[in-house]
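In what follows, a structure is listed as structure tokens, so that the remarks can point back to it.
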Amino acid sequence: MTGREPTVMEDRPARVDVEGPDLLAKGFRPYERYRLVLHHDDGTSDTQVRDIVRGGRVVGVLGYDPGRELVVLIRQFRLTAHLLPQGRGEMVEIVAGLVEPGEDPEAAAVRECIEETGVEPRLVLPMLTFTPTPGVTDEFALMYLGILDAGALPARAGARDETEMTQPFAVPVDEALAAVAQGRCINGFLILALQWLALNRARLPELIAAAEIEARS
């Protein structure tokens, strides 16, 4: 025993004085600079300058067909993945996109699923929330499980007004989990969603049934 209070594994507010932002660049998303003084528990403080990309809220949707035991994914071009030494520009992903100003995240999840898979989910169940890269962006992700019919998938989908082209497809759950375990797919949203599915797979019928009851009430 050290006499120290036990550490609680939980994010908590920081004691920090923040100045800014200064707009450094404005492209698809704003790039901003902040100056701050961070106060520590021992009474010391640090002065820092931090640059971040403002991403805001996004949703991710893992499509799932419970009758066929299939997950619904998409293939989409990503420039950053293309620039990797391995050249993985044609990424396998889950549905994802920005929450529009004033839009309910669940409604955004349904909209993005329709846009990127061509199929409307009959249910969307909350999975988890997370910050993908908090050292770089304030993007905050809300993940959902979208219950849908994999037999209705088109060959291509995507929001044409956003010059978006996606290729939806369905694979057995075990095959998707094996692909992640073998490092064949490296998209972070995809990996987190499939790990959640693996952890909660046994109770999915219960979760879906409860959501259906709630939707009818």
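Points to keep in mind about this one:
- From the list T133, T137, T129, the one residue that fits, being within 15 Å of V58 (Cα to Cα), surrounded by 14 or more Cβ atoms within 10 Å (Cβ to Cβ) and of a type in the set (S, T, N, Q), is T137.
- Restricting segment 151-165 to residues that are aliphatic (A, V, I, L, M) and closer than 16 Å to E93 by Cβ leaves a set whose member that is modelled with the highest pLDDT is L153.
- Some residue of segment 87-106 being of a type in the set (A, V, I, L, M), part of a helix (DSSP H, G or I) and either open to solvent by 70 Å² or more (accessible area, probe 1.4 Å) or touching a strand residue (DSSP E or B) at 6+ places or on another chain (Cβ under 6 Å) (or both): no
- Just one of the listed residues (P168, P121) is within 19 Å of the chain's Cα centre (by Cα), outside any loop (DSSP other than H, G, I, E, B), modelled with pLDDT of 95 or more and not charged (D, E, K, R), and it is P168.
- Yes/no for A14 being farther than 30 Å from P154 by Cα and either open to solvent by 90 Å² or more (accessible area, probe 1.4 Å) or not acidic (D, E) (or both): yes
- Yes/no for L204 being outside any helix (DSSP H, G or I) and buried (at least 17 other Cβ atoms within 10 Å of the Cβ): no
- Residues that are more than 18 Å from T166 (Cα to Cα), more than 15 Å from the chain's Cα centre (by Cα) and not charged (D, E, K, R), drawn from segment 87-106: G87, P101, G102
- Hey, R50 over 25 Å from G97 (Cβ atoms), open to solvent by 50 Å² or more (accessible area, probe 1.4 Å) and assigned to a strand (DSSP E or B) or not: yes
- Top-ranked residue in segment 167-199 [being of a type in the set (S, T, N, Q) and without any contact (Cβ under 8 Å) to a residue 24 or more places away in the chain; ranked as least open to solvent (accessible area, probe 1.4 Å)]: Q195
- Lone unmet requirement of (1) modelled with pLDDT of 95 or more; (2) closer than 29 Å to Q86 by Cβ for L148: (2)
- Within segment 64-86, considering residues that are over 19 Å from the mean Cα position of the chain (by Cα) and over 25 Å from R54 (Cα atoms), the one least open to solvent (accessible area, probe 1.4 Å): D65
The values are calculated or read from the model by the stated rules, or taken from the named source; none is laboratory data. Everything numeric in this text was worked out from a predicted model, so none of it was measured. Cβ coordinates were reconstructed from backbone atoms using ideal geometry, including for glycine residues, and neighbour counts include every protein chain displayed. For accessibility, only protein heavy atoms count, side chains too; no ligands or nucleic acids. Shrake-Rupley method; radii C 1.70, N 1.55, O 1.52, S 1.80 Å.
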